[in-house]
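Readers should treat all values here as calculations from the given coordinates under stated rules, not as data from a laboratory. As the structure is a computational prediction, the values presented were derived from the model and not from experiment. Cβ: placed from backbone, ideal geometry, glycine included. Neighbour counts: every protein chain shown.
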Amino acid sequence: MKSICSGILVSLIAVLGLNAQTVQEGLRHLENENFKSAMEVFDKLITTQPKVYIHHYYKAEVFTAMGNIQDAKSSYLKGLEISSKCDECLVGLGKLELNKNKHQEAIKNLESALKGNSKNASIQALVGKAYLYIDKPQAETALTYLEKARDLDPKQAKYWIYLGDAYQLKGDLGQAMTSFETAVEKDKNDPETYVKMARIWADGKNLDLAIERLETATKLNPGYAIAYKELYEMYIRARKFDKVIPILDKYVELSGTDVDAKVRLVKFLCFQAKDYTRAITEANKVLEKILNNTHFTVG
């Protein structure tokens, strides 16, 4: 009996580990703006585990990032249908309402999510992000929740990053940089922090320091697409054109099916690098992908 229980436990741990790894894979694709691959991951998870509400939440987050608001709302609601305790889904719905300037509806959803979560740093941070990462950010309101999340879990580097974004939005660049530096102290291997710091240096016209931070980000995590995107743009600003193509190629590779990324490559090859042969080759690849994804109806 003991050996049977041990076997079951090992299998359970393996399944849970695989699930966590797969969720992280989907989130990594989402972070890299590779929305098609992210959607495939979460669709697969929903197929195999349809009653796990958090998968529907993540799918809704992909739809939100794509600007597909109606499908995002449907996925958040599906998560709530599976479990009324999907507070993440309530925050997601609140975020959608904030973007539509429907503040009363937004507050209703956000307050419902916060109910019973006064000591839950993750939900506090999600609400703060809902106010911060929208079309018309509300930095002061966001700070209220982000500071509470930080106080509840000061070791979490991401909370310091969100705080830095909020301070930067307010124009308090000193406090923003301090928050980012604290984030590095908490987790020196998170490339996002270095990208955020680079933006502040770039705003101050210190392109050399901005480039240094972005190069650090790519070394820390060679799979972090945003760092490559901002690095090639920074090289262009600094007129270091000879360094652009390898970085832009890497960004295109990581962004997967993102047509916009491929168009950026074609533009640079054509107008800056003057590599017309490759520009035509890459342009044909883009056109082929667009045509393959287009369905024509006759009659």
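Applying the Kirkwood pairwise sum to the alpha-carbon positions of the stretch 36-193 produces a hydrodynamic radius of 16.2 angstrom. For the stretch 103-235, the fraction of alpha-carbon pairs lying more than 22 Å apart is 40 percent, rounded to a whole number. Full extension of the chain between Lys205 and Ile69 gives 45.3 nm of extra length, using 0.36 nm per residue less the Cα-Cα distance.
Within a straight-line Cα-Cα reach of under 12 Å, Lys205 cannot be paired with any aspartates and glutamates, leaving aside sequence neighbours fewer than 8 residues apart in one chain.
For His103 and Lys85 in the same chain, what is the full-extension length gain: residue separation times 0.36 nm, less their Cα-Cα distance, in nm? Kindly include the intermediate steps, with their values, before the conclusion.
Working: separation 18, 0.36 × 18 = 6.48 nm, distance 2.22 nm.
Length gained, His103 through Lys85: 4.3 nm.
Scaled against the 2.2 N^0.38 Å expected of a compact globular protein of N residues, the Cα radius of gyration of the stretch 151-224 reads 1.04.
Taken one residue at a time, the phi angles of the stretch 180-191 give Karplus couplings (6.51, -1.76, 1.60, θ = phi - 60°) of 5, 5, 5, 4, 5, 4, 6, 8, 6, 9, 7, x Hz. Gly and Pro are set to x. Legend: calculated FRET efficiency, Asn284 to Asp135, from the Cβ-Cβ distance at R0 = 45 Å, rounded to 0.05, equals 0.80. Sorting 117-127, 94-104 by their mean Cβ neighbour count within 10 Å, with the most densely packed peptide first, gives 117-127, 94-104. Were the residues from Lys115 through Arg239 laid out at 0.36 nm apart, the gain over their Cα-Cα distance would be 39.4 nm.
Give me the lysines in straight-line cross-link reach of Lys78: C-alpha distance below 25 Å, same-chain residues under 8 apart excluded. Leaving aside lysines fewer than 8 places away in the same chain, those within reach of Lys78 are Lys36, Lys44, Lys51, Lys59, Lys95, Lys100, Lys102, Lys108, Lys115, Lys129.
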